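Visitor: This is the structure I have questions about; it appears just below.
What follows is calculated from the coordinates using simple rules that are stated; it is not laboratory data. Since this is a predicted model, take the numbers as computed values, not measurements. Here Cβ is always computed from backbone atoms with ideal geometry, including for glycine, and neighbour counts include all displayed protein chains.
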């Protein structure tokens, strides 16, 4: 069976008509109808291919957007973690300085205690009292 056909009237630009006529003369097409139908079919198939390609690119773009959002979230989380670590480092530096000051004060106190005279540590009163006891009394009469 021969497919049904509908006759249409189309106004073409002169250059396009000349190109179709040249294609028919070069035996690419048998007549003008076949050339126009082939051109229309090709145009429609390109639109279909183009729309399927657009759909594929749209899906790929959506996947990339999800990946981008995930990477951005990871990057933000990393930045927050870096800031936390910086703050902890600053705090540890302050703690280190405080600890140095504490040890410095402690060792200064120890040094002061070491440098104190021995009499001050043993107490001058006890030494004087022992010296003040008369040497003539026997030891049992101290009480």
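Visitor: Could you list, ordered by first residue, the pairs with Cβ atoms under 8 Å in which the first is in the stretch 50-69 and at positive phi and the second is surrounded by 10 or more Cβ atoms within 10 Å (Cβ to Cβ), at least 6 apart or interchain?
Guide: Close Cβ pairs (under 8 Å, with a partner that is surrounded by 10 or more Cβ atoms within 10 Å (Cβ to Cβ)) do not exist here.
Visitor: Report, by residue number, each residue of the stretch 1-26 that is within 60 Å of the chain's Cα centre (by Cα), surrounded by fewer than 10 Cβ atoms within 10 Å (Cβ to Cβ) and part of a helix (DSSP H, G or I).
Guide: Matches in the stretch 1-26: 15 only.
Visitor: Considering (1) surrounded by 10 or more Cβ atoms within 10 Å (Cβ to Cβ); (2) out of contact with any helix residue (DSSP H, G or I) (no Cβ under 8 Å at 6 or more places or on another chain), say which one residue 29 fails and leave the rest.
Guide: Only one criterion in (1) surrounded by 10 or more Cβ atoms within 10 Å (Cβ to Cβ); (2) out of contact with any helix residue (DSSP H, G or I) (no Cβ under 8 Å at 6 or more places or on another chain) is unmet by residue 29, namely (2).
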